[in-house]
Structure formats: C-alpha cells, structure tokens
Amino acid sequence: MKNMEFRRKLPVPQEIKELYPLTTELSGIKAKRDQIIADVFTGNSDKIVLIIGPCSADREDAVLEYCEKLATLQEKTADKLILIPRVYTNKPRTTGEGYKGLLHQPDPEKRSDMLEGVIAIRRLHTNVLANTGLSTADEMLYPDNYRYLSDLLSYVAVGARSVENQEHRLTASGIAVPVGMKNPTSGDISVMLNSILAAQHPHTFIYRGWEVDTTGNPLAHAILRGYVNRHGEAIPNYHFEELEHLYNAYAAKGLENIALIVDTNHSNSAKKYMEQPRICKEVLHSCRHSANIRSMVKGFMIESYLEGGTQKIGEHIYGKSITDPCIGWADTERLVLDIADLV
C-alpha cells in the first residue's frame, strides 16, 4: 500500500532566495531593525515590543493594508514601542483539520500547493518590509522551512505544541534574532525554560541534510500563553503571582537575558479576543509594582486585523480572520496608543 506520494521536489531555500532576492537596501533596513529589537531583549533598551497582527496571514492585500496602518502607528509611538507585524504563514491545527496557512494554501479555498505557498510567503514578508519598513515575525512550525525566510524575519515564535521538540530547540540555537518559546499547553514552565536553555547553547546536528554547528541564541526567551487543565478549561498565566514565579524560576536556571513576551490571546484570554487590551493593561500594572517583572516583560503578542472577530472560509469579508478571532483596527489603534501612554 502506497501511503505517501512524492508529488515533486521543491527548490531548496537558496534557490528561492535567488529567484526572489532581498535588495541591499532592504537588508540594511532589516539589520537596523534587528539591532533595535535585540537591544530590548538584552536590556539595553526599555522600549516595549508588540508582535501584532492577524492570527493567520490569509491574503496578501489585506495583510499589506494592515501593515501599512501599523507603520503609521509605529511612527507615532517610536519613542516607546517597537511594532513587529505578526505575519503568520503556517498554522498548527490541533486535530490536523482546517486551514494550515498561506504556506499550504495560497488560496484558502483551493487544495494545497506547497511550491506556490513557499513563493507566496516569501513574497508577502518581502512586500511588508518594502512597503512599510517593518520587518516581520512568523511562527517556526516546520524547522526545515525556516531558511526560506531567514533573511527576512526579525522575530520567530515556537508554539506550545512544538516547544518540547528537539529539532525546534536545536534550530532555534542557530537563529540570530529573538526566538520566543511558548509554554506548553500543559502549562509546565519547566518545559519552556528547558527549551530556552537548549536554544541558548551551541549544538551540532543534522539540518536539511547537512551536519551543522550552531553558536547558541542568547535572545531565546519565554512566551506565556496560558494553558489548559485536565478538564480542558483555559487557565491564564499572566497574573502578578505567575509573573513573579516565572522571574524566580528564570533566575534560578541561570539563563541569559531574562525576557518574557505575554501572549494576550489563546488560553490567556480563553480566546475571548476582546480581553486582550485588558490583559495588556494588567501586565503593565504589574510592571509598575515590581522592578523584577518590569525588567523581564519585554512586550506583548496581540492578535489583531482590519475587522474584528472571525469568519468562515468562503465568507469573503476583507481583512477578517479565518482562524482565531482578532480585535479590529479601531480597537488596535486605541490599544497601541494606550500602551505607549502607560510605559
């Protein structure tokens, strides 16, 4: 029985990069952004980072319009905030069903086309940088695919279902930009801290058919996203006591650059997306009451799009999420300006 059909061999990342290269000018813009962002995670800057954007980057035109609006907000808040567009082009699915992202389906209503997907995600990240001057964030769902975007991304996230995976940890150790490690869906922060420890150290392993050596990534850090208990109920982990506990556990582990991004959606909000502004403000309140928490909290991950809520595939509401619900643009603008006022 033939259970796996090999449809075609895809171009290696270097071939795709040569077909769709990054200009010297754009590379320079990204390098400057990388340094500004790195300074936050090393403690050399007290700015707040917002990894903000749609749950999934489902269509290029709406994502570009969203990022152009974000660029205007970045200009208004540049003295306090660093806005990193969340351009998530591949989506983990709990059951394996549903939309898996632009990488799989450049058109959400058609079957998977991975070659067109690889081209589409590179084009989208490039066009965001070219149109707005903002370098982007994406999730590293598939470590082998990271190299298709390695010259474009200024932030990489490792999800709750991937954080225990050895390949994700070792690949993160060879990335030169901040990599956020989420707590697992069980909520066990020791798993997350072990993942950070692994990513911060050098390794030798097999990657894309090569024996590679990595130097370790001192910018690997924590993301708290809430968790589910044994009854499947969402439990938040952004409250003051949780943050103090994480700081102490971080310090005891002897990790470099104690740093945290708080994911304001997922189990922290129980996917009640309109709770995201309140969660940001509560965490900032905790920062004002604890120097340790303020030194650790580097920013937030926020799910936001042009239109609030979510829709089913095929409804064709421009700028509205087809995966998890997001806050709309008016609420986004208000929240970003409020955060700038509070830090």
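What number of residues within the range 279-293 satisfy the criterion of being touching a helix residue (DSSP H, G or I) at 6+ places or on another chain (Cβ under 9 Å), more than 11 Å from LEU342 (Cβ to Cβ) and loosely packed, with under 14 Cβ neighbours inside 10 Å?
So the count comes out to 1.
Could you identify the single residue in VAL40, VAL49 that is assigned to a helix (DSSP H, G or I), in contact with a Lys or Arg (Cβ under 7 Å, 6 or more places away or on another chain) and either β-branched (Val, Ile, Thr) or surrounded by fewer than 16 Cβ atoms within 10 Å (Cβ to Cβ) (or both)? Walk me through how you get there before you give the answer.
Working: VAL49 fails: assigned to a helix (DSSP H, G or I).
Going through VAL40, VAL49 in turn, the sole match is VAL40.
How many residues are within 19 Å of ARG225 (Cα to Cα), of a type in the set (A, V, I, L, M, F, W, C) and not in a helix (DSSP H, G or I) when one looks only at the range 153-211?
Count: 7.
Taking only the range 62-73 into account, find how many residues are touching a Gly at 6+ places or on another chain (Cβ under 9 Å) and either surrounded by fewer than 15 Cβ atoms within 10 Å (Cβ to Cβ) or aromatic (Phe, Trp, Tyr) (or both).
Summing the residues that are touching a Gly at 6+ places or on another chain (Cβ under 9 Å) and either surrounded by fewer than 15 Cβ atoms within 10 Å (Cβ to Cβ) or aromatic (Phe, Trp, Tyr) (or both) in the range 62-73 gives 1.
Name the single residue that is surrounded by the most Cβ atoms within 10 Å (Cβ to Cβ) among those in the range 102-135 being under 13 Å from THR89 (Cα atoms) and among the acidic types (Asp, Glu).
GLU116
Kindly check whether there is at least one residue in the range 304-323 that is assigned to a helix (DSSP H, G or I) and of a type in the set (A, V, I, L, M, F, W, C).
no
When only residues in the range 20-37 that are touching a residue at least 12 places away in the same chain (Cβ under 8 Å) and in a helix (DSSP H, G or I) count, which is surrounded by the most Cβ atoms within 10 Å (Cβ to Cβ)?
Taking the candidates together, the pick is ILE37.
Scanning for something of a type in the set (S, T, N, Q) and within 17 Å of LEU19 (Cβ to Cβ), does the range 101-120 turn up at least one residue?
Within the range 101-120, not a single residue is of a type in the set (S, T, N, Q) and within 17 Å of LEU19 (Cβ to Cβ).
Is there a residue in the range 326-343 that is modelled with pLDDT under 95 and either assigned to a loop (DSSP other than H, G, I, E, B) or hydroxyl-bearing (Ser, Thr, Tyr) (or both)?
Checking the range 326-343: at least one residue is modelled with pLDDT under 95 and either assigned to a loop (DSSP other than H, G, I, E, B) or hydroxyl-bearing (Ser, Thr, Tyr) (or both).
Please tell me if ASP188 is charged (D, E, K, R) and either under 18 Å from ASN257 (Cβ atoms) or crowded, with 21+ Cβ neighbours inside 10 Å (or both). Let's see the steps before the verdict.
Numbers: charged (D, E, K, R): yes; either under 18 Å from ASN257 (Cβ atoms) or crowded, with 21+ Cβ neighbours inside 10 Å (or both): no.
So ASP188 fails the test.
The values are calculated or read from the model by the stated rules, or taken from the named source; none is laboratory data. Predicted, not measured: the structure shown is a model, and the values here were computed from it. Positions of Cβ are backbone-derived with ideal geometry, glycine not excepted, and every protein chain shown enters the neighbour counts.
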